[in-house]
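Notes follow the structure.
The values are calculated or read from the model by the stated rules, or taken from the named source; none is laboratory data. The structure displayed is predicted, hence computed values, not measured ones. Because the Cβ atoms are built from the backbone with ideal geometry, glycine has one as well, and the counts that use them run over all protein chains shown.
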Amino acid sequence: MRVGIVVKTIPDKKIGFIRSEDLHEDVFFHFSKVEEVGTLALQEGDEVEYTIDELAKIDKQRLQATLVRRSARPLSMKLKPSDAPELKAKHHPNARKRRPSWRQKPESSADE
């Protein structure tokens, strides 16, 4: 499922639009495609998970969501380096000090 943010809702027409970083245009959705969690309706600024109609994407038609629900993994919750110190890359202290042997300059033969 893709993750995005609801940017606009029009309750009178029961439609809305989702913006995602991986798509170049907003995705249209109808309120009938929203999977309700509790009694809260989607509002502008809510983070959602959604699927799109892949055939419409291939045919280069307007992108339309086939399922929309509140995100279980919000975008705003990102890991900080202090959250998982065991995942920090550890390099040897001399790893960048030594030049690779294939990059060493050939010794000049100016004395000959």
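Note on region 1-43: among residues that are more than 21 Å from E54 (Cα to Cα) and of a type in the set (V, I, T), the one that is farthest from the chain's Cα centre (by Cα) is T39.
Does L40 count as modelled with pLDDT of 85 or more and of a type outside the set (F, W, Y)? Here the answer is no, as L40 does not meet what is asked. Summed over region 24-35, the residues that are surrounded by 10 or more Cβ atoms within 10 Å (Cβ to Cβ) and at pLDDT below 85 give a count of 1.
Scanning region 62-80 for residues that are part of a loop (DSSP other than H, G, I, E, B), modelled with pLDDT of 65 or more and of a type outside the set (D, E, K, R) returns L63, S71, A72.
Here Q43 clears all of (1) part of a strand (DSSP E or B); (2) touching a residue at least 24 places away in the same chain (Cβ under 8 Å) except the condition numbered (1). Within region 52-71, residues that are farther than 17 Å from H30 by Cα reach no partner that is exposed (fewer than 10 other Cβ atoms within 10 Å of the Cβ) with beta carbons closer than 6 Å at six or more positions or on different chains.
Within region 1-23, residues that are part of a strand (DSSP E or B) and surrounded by fewer than 13 Cβ atoms within 10 Å (Cβ to Cβ) reach partners that are among the aromatic types (F, W, Y) and modelled with pLDDT of 90 or more with beta carbons closer than 6 Å, at six or more positions or on different chains, in the pairs K8/F17. Of the residues making up region 49-61, those that are surrounded by 12 or more Cβ atoms within 10 Å (Cβ to Cβ) and not in a strand (DSSP E or B) are D53, A56, K57.
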